[in-house]
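**Q** This structure is in structure tokens; I'll ask about it shortly.
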Amino acid sequence: MGQSFSAVNSFSFRFLSPAVVPSESDGLVGEIINDVDCTDGIPDECLAHIFQFLSATDRKMCSLVSRRWFFVDGGSRYRLSLNAKEEIFSYVPSLFTRFDSVTKLALRCHRKSMGMNDEAFVMISIRCRKLERLKLRGCREITDDGMAAFAANCKNLKKLSCGSCAFGTKGINAVLDYCTALEELSIKRLRGIQDGGEQIRPGAAGSSLKSLTLKQLVNGQSFEQLVIGAKKLRTLKIIRCLGDWDKVLEMTGNGNNFLIDVHLERIQVTDIGLAAISKWVNLEILHIVKTPECSNLGLITVAENCKRLRKLHIDGWRTNKIGDEGLIAVAKQCPNLQELVLIGVNATYLSLAAIAANCQDLERLALCGSRTIGDQEIACIAAKCLALKKFCIKGCDISDIAIEALAWGCPNLMKVKVKKCRGVSNDVMDWLQERKASLVMNFDATDHEGFDASLSDGLQESSGLEIPVMGSQVAATASPSISTGRLSFIFSKLGLFASRNLVGCAFSRFSSNEDGSSSNS
């Protein structure tokens, strides 16, 4: 780090040699303690690196220790969040003289306060030439002209997120023209875009933009040219934006081979739009949330062409237009599926058995608000989904029998969430916890919250799970190993062998290690 040999020796001596405490009669105790700085042998770069491990509050306290720490802290601050009130103008010069290395800036203003104006905003851009990420929330006093001037000064901007702001088309177009390295653009409740006005075009950033999020826009169709013209777009999220999006998706699908993540929520899109999405053969993540015109037909088209699909979220909004037919197509065509979330989708044993048998890499599964999912379907998942790690069940008609099946199956299960399933008792959940001590459980039979099918990857994998392994694998625990007789007993309690002819051979299929293709019949 550029320090000399003598400096190293001095630094080591101060920390490793025994302390010498003079007597009080010496009269120099206070003077010695005040004069000695045990960190003056540490280079500024190392001190700045140490500061990176501290919280924001601790860094503020450290900056008051000495003049040197004050400047080292300021010069090593790369992220800054400010309350962007009107009076911030007078503080901008001193703030950004101290924090002269900021690359990530957040400016927030409460809706009841008067926010910063164009003059203060442009002054910040002059002093933050290294800025790469900008987040604006509630900055209603910033106009198109202010946004254009800011973009001209901060041409290295890579990420822009705007929410509840008042500028419009001119300001966004200026950013897309000046910021040639822009990779992520997120727009939420932008008020300055007018109906029938100028379109937002790709500009110079059209060749670099990789992620676009449009949320709660009354005039979302103004972004049509940008969606179509961003040829390297990898992530597209359109949420609660008015307009007919089928045409936009059709035109986008004809020239983009990079899209891997698509999120459509509460927008006007039909199977025509899903057919357009199916042209993106590299698609890996698809969210279809509360789009009532999408049906099995569109999902089948996507499954047949997007064979790399890893994550699929469907909120059917109880319209019953997506069900077994579409899900069976996914099971047959998308073997790499790792995460499946079904909300308000009335899937039955037929489709879930196909998914359990064919999607051997399925690790995260959520079944919420379905009237057709019961003990039989959960038992099927428990027997076949050997890779399953996280399982969420909400608002389904299951009983203790389903939970008992989970105890004997899913050898890699790490986390289970059971909500609003009134047929499940506390006793069986306690028994499950005793049997699988390392299992993280969340249980509430009377949950009144909305369907939250969160399958976060934040849970760390734990080793040494004392869980029996299904099929021909060897049990890794001294607890009772799984047996054909035990699962047979569970399935007999479900009435599989008597009441439902379509699954008369269910148990024999579950206990085998074949690919399960017969379960699709």
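The values are calculated or read from the model by the stated rules, or taken from the named source; none is laboratory data. These numbers were taken from a predicted model, which means no experiment stands behind them. Backbone-built Cβ (ideal geometry, glycine too); neighbour counts: all protein chains shown. Surface accessibility is based on the protein's heavy atoms, side chains included, excluding ligands, DNA and RNA. Shrake-Rupley method; radii C 1.70, N 1.55, O 1.52, S 1.80 Å.
**Q** Based on what the data block shows, is Phe53 part of a loop (DSSP other than H, G, I, E, B) and not charged (D, E, K, R)?
**A** Yes; evaluated as a whole, the condition is true for this residue.
**Q** Okay, next question. Within segment 98-113, work out how many residues are of a type in the set (A, V, I, L, M, F, W, C) and either part of a loop (DSSP other than H, G, I, E, B) or loosely packed, with under 14 Cβ neighbours inside 10 Å (or both).
**A** 3
**Q** How many residues does segment 396-413 hold that are over 13 Å from Gln433 (Cβ atoms), of a type in the set (A, V, I, L, M, F, W, C) and in a loop (DSSP other than H, G, I, E, B)?
**A** Total meeting the criteria: 3.
**Q** Here's a follow-up. What number goes with the only condition from (1) assigned to a helix (DSSP H, G or I); (2) open to solvent by 40 Å² or more (accessible area, probe 1.4 Å) that Lys155 does not pass?
**A** For Lys155, the failing item is (1).
**Q** Could you list all residues from segment 317-340 that are of a type outside the set (A, V, I, L, M, F, W, C), over 12 Å from Leu286 (Cβ atoms) and not in a helix (DSSP H, G or I)?
**A** Arg318, Thr319, Asn320, Lys321, Gly323, Pro335, Asn336, Gln338
**Q** Okay, moving on. Can you run down the residue pairs with Cβ atoms below 9 Å, 6 or more apart or on separate chains, where the first is in segment 377-389 and touching a residue at least 60 places away in the same chain (Cβ under 8 Å) and within 20 Å of Asp400 (Cβ to Cβ) and the partner is assigned to a helix (DSSP H, G or I) and among the aromatic types (Phe, Trp, Tyr)?
**A** Partner pairs satisfying both residue conditions: Ala379/Phe491; Ala379/Phe510; Cys380/Tyr349; Cys380/Phe510; Ala383/Trp408; Ala383/Phe491; Ala383/Phe507; Ala383/Phe510.
**Q** Follow-up. Select, from Leu182, Leu190, Leu160, the only residue that is in a loop (DSSP other than H, G, I, E, B), in contact (Cβ under 8 Å) with a residue 12 or more places away in the chain and closer than 19 Å to Asp118 by Cβ.
**A** Leu190
Residue by residue, here is whether (1) aliphatic (A, V, I, L, M); (2) touching a strand residue (DSSP E or B) at 6+ places or on another chain (Cβ under 7 Å) holds:
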position	(1), (2)
Phe51	no, no
Ser63	no, no
Arg79	no, yes
Ala84	yes, yes
Val102	yes, yes
Leu105	yes, yes
Lys135	no, yes
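**Q** Exactly one condition in (1) open to solvent by less than 20 Å² (accessible area, probe 1.4 Å); (2) under 24 Å from Leu233 (Cα atoms) is not met by Cys139; state its number.
**A** That leaves (2) as the condition not met.
**Q** Find all pairs meeting these conditions: Cβ atoms under 8 angstrom apart; at least six residues apart or on different chains; first residue within segment 63-85 and touching a residue at least 24 places away in the same chain (Cβ under 8 Å) and closer than 30 Å to Glu141 by Cα; second residue basic (Lys, Arg) and open to solvent by 40 Å² or more (accessible area, probe 1.4 Å).
**A** Close Cβ pairs satisfying both conditions: Gly74/Arg98; Tyr78/Lys104; Arg79/Lys104; Leu80/Lys104; Ser81/Arg108; Leu82/Arg108; Asn83/Arg108; Ala84/Arg108.
**Q** Working only within segment 356-370, note down all residues that are in contact with a Cys (Cβ under 6 Å, 6 or more places away or on another chain) and surrounded by fewer than 22 Cβ atoms within 10 Å (Cβ to Cβ).
**A** Matches in segment 356-370: Ala366 only.
**Q** Same structure, new question: Can you say whether Ala353 is part of a strand (DSSP E or B), open to solvent by less than 10 Å² (accessible area, probe 1.4 Å), of a type outside the set (Phe, Trp, Tyr) and in contact (Cβ under 8 Å) with a residue 40 or more places away in the chain, as far as the supplied structure shows?
**A** no
**Q** I would also like to ask the following. Among the residues of segment 356-380, which ones are over 15 Å from Cys410 (Cβ atoms), outside any strand (DSSP E or B) and of a type in the set (A, V, I, L, M, F, W, C)?
**A** The answer is Ile373, and nothing else.
**Q** Here's something else I'd like to know. I'd like the full set of residues that are open to solvent by 30 Å² or more (accessible area, probe 1.4 Å), within 20 Å of Glu339 (Cβ to Cβ) and of a type in the set (Asp, Glu), limited to segment 305-326.
**A** Asp324
**Q** I would also like to ask the following. Anything in segment 32-91 that is surrounded by 13 or more Cβ atoms within 10 Å (Cβ to Cβ), closer than 30 Å to Arg111 by Cα and of a type in the set (D, E, K, R)? List them, or say none.
**A** Residues satisfying the conditions are Arg59, Arg77, Lys85, Glu86.
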